[in-house]
Amino acid sequence: MRNREDIEKSEEERLAPWASRSRLSLGRLYPEPEHEYRTAYQRDRDRVLHATAFRRLQYKTQVFIYHEGDHFRNRLTHTLEVAQVARTVARVLGLNEDLTEAIVLAHDLGHPPFGHLGQTEMHTLLGEFGGFEHNRQSLRIVDLLERPSTQYVGLNLTMETRSGILKHGSAFPRYPHPVPFPEMGTSPSAEAQLANLADEIAYNSHDVDDGLRSGLIEHEALMEVPIWREVCTKVQRDWGTTATDGNAFRRRAVGLLINELSSDLIRNADERLSSAGIASAQQVRESKDHVIAFSSDMQQAKAELAAFLRANLYLHPQVLQIATEAGRVLSDLWNLYRDQPELLSAAAREGLAGEPNERALADYLAGMTDRFAMDEHRRLIGTPPADS
Ligand code: MG
């Protein structure tokens, strides 16, 4: 049997010099004794997986509202796909898989209902209170809103997982985060950088899959995107299957797309790590440039695919129409609760000392699943929401 110290020692042998080591974690806000056989990052991952907010991901939209079909991605299946890509790449690059997985499983917890347009609506509603940002909200959830313990507030995760959830791009929002955060360097850890790019690999690929399957994207139109054309040519050549074969062809091509993106990321990151002579996790954080990155050719190819998805899927009239309805559900509920706070539970009303009540209301609305928001709208306002 191996205890935690054995596993920490085995990290020394398994991990690359640039990986985060659980033994060197900056620790938690509320000090706790270490676990007998789980490392600090394994515990973080387990805490996120058991969080209430994690289970709600199942009923939150990625692109398609939950009732549009049982086969489309929701935020839970999206998160699991990101975790799978990220763990594969982490293992190849010698990164800390447990830390990578903890960050990935938590990365979308802060998303409000109804996908990207739900976030836009929340940002508008919170305009005079500093806006709304989903990475920031994920951090609020793990630091403040989850309450699994009587000993502390939040999940009491390590600084490395918290920092990975926040992402540096959102480190300077217009509203403060009322939980201390240590200075951790210019760049995110290699594990956090990977989590972010694995997210891109997963959503670009599965949105192609769901877009084609739903019929909102036409295969012929998508063939104008070079990277898709390339993977289709390879699938035809290597498996002798064509687009007329439907499902099987699409799945092969999407699988190959994930593989091409992941392989490019691995090759390019490996090159960057060695040419920059990175010898520690600290050096990754001090480095001005990110070490985990796609090649510039792949960056370009990915941008073309993303632009296609935006124009043809995210802004598809059918998606937009549902999003408009969903935005109305959120703004109606916001206005109603602001006028009649007695409709909220005591816990939702309480909020946090020193913060405007609107932030507590935002926590409540953002925490809703698509289904709960529509049910509440129907119950309290009564006009038919999106699904009627
Ligand atoms: Mg995501």
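Ordered from longest to shortest, the equivalent ellipsoid semi-axes for region 190-294 are 34, 14, 10 Å, each the square root of 5 times a Cα gyration tensor eigenvalue. Explain nothing, just the number: relative contact order of the chain, from Cα pairs under 8 Å at least 6 residues apart, as a whole percent. Taking the mean separation of contacting Cα pairs over the length of the chain, I get 20 percent.
Restriction of the trypsin sites (Lys or Arg not before Pro) in region 1-86 to DSSP coil positions whose beta-carbon has at most 12 other beta-carbons within 10 angstrom yields Arg2. A straight chain from Leu336 to Thr233 at 0.36 nm per residue would run longer than the Cα-Cα distance by 31.7 nm. Simple point charges give the picture: +1 on the Cβ of Lys and Arg, -1 on the Cβ of Asp and Glu, and for region 190-294 a dipole about the Cα centre of about 220 debye.
For region 236-303, which trypsin sites (Lys or Arg not before Pro) pass both filters: DSSP loop (anything but H, G, I, E, B) and at most 15 other C-beta atoms within 10 Å?
Of the trypsin sites (Lys or Arg not before Pro), the ones in loops of region 236-303 whose Cβ has at most 15 other Cβ atoms within 10 Å are Lys288.
Only Lys, Arg, Asp and Glu carry charge here, each on its Cβ (+1 for the first two, -1 for the last two); on that basis the chain has a dipole of about 320 debye about its Cα centre. To put it simply, the accessible area of the chain at a 1.4 Å probe is 50 percent carbon and sulfur.
Given all pairs of different Cα atoms, what value in angstroms does the Kirkwood hydrodynamic radius of region 218-276 take? In region 218-276 this quantity evaluates to 12.5 Å.
For region 140-224, the alpha-carbon radius of gyration amounts to 1.55 times the rule-of-thumb value 2.2 N^0.38 Å expected for a compact globular protein.
Remark: region 210-341 carries 52 Å² of accessible area per residue (probe radius 1.4 Å; ligands, DNA and RNA excluded).
Specify the longest stretch of the chain that does not include any exposed loop site, a site being one of the chymotrypsin sites (Phe, Trp or Tyr not before Pro) with a non-H, G, I, E, B DSSP assignment and at most 15 other Cβ atoms within 10 Å. Segment 153-388 is the longest. With a simple spin-label model that places each label point 7 Å from the Cα along the Cα-to-Cβ direction, the separation between Phe181 and Thr77 comes to 3.3 nm. Taking each DSSP H run with n ≥ 4 as -39500 (n - 2.57) and averaging over every residue of the chain yields -18000 deg cm²/dmol at 222 nm. For the pair Thr88 and Ala221, a Förster radius of 22 Å applied to the C-beta separation gives a FRET efficiency near 0.15, rounded to the nearest 0.05.
Among the helices of the chain (complete DSSP H runs), which have Cα atoms covering no less than 30 Å along the helix axis and a Kyte-Doolittle mean of at least -1.0? Length and hydropathy pass: 190-214, 247-275, 317-339. Highest mean packing first, where packing is the average number of other Cβ atoms within 10 Å per residue, the peptides 213-219, 253-259 line up as 253-259, 213-219.
From the Cα trace of the chain, what convex hull volume per residue do you get, rounded to a whole Å³?
Once divided by residue count, the hull of the chain is 154 Å³.
Annotation: for a label point projected 7 angstrom from Cα along Cα→Cβ of Arg379, residues of region 330-359 with backbone N closer than 17 Å are 330, 332-338, 340-349. Considering only Pro17, Pro33, Pro148, the Gaussian network model of the chain with Cα springs below 10 Å gives its largest mean-square fluctuation to Pro33.
The values are calculated or read from the model by the stated rules, or taken from the named source; none is laboratory data. Note that the structure is a prediction, hence the values are computed from the model and not measured. Reconstructed Cβ throughout: ideal geometry from the backbone, glycine too, with neighbour counts over all protein chains shown. When the accessible area is computed, the model is the full protein with side chains, heavy atoms only, and any ligands, DNA or RNA have been set aside. Shrake-Rupley method; radii C 1.70, N 1.55, O 1.52, S 1.80 Å.
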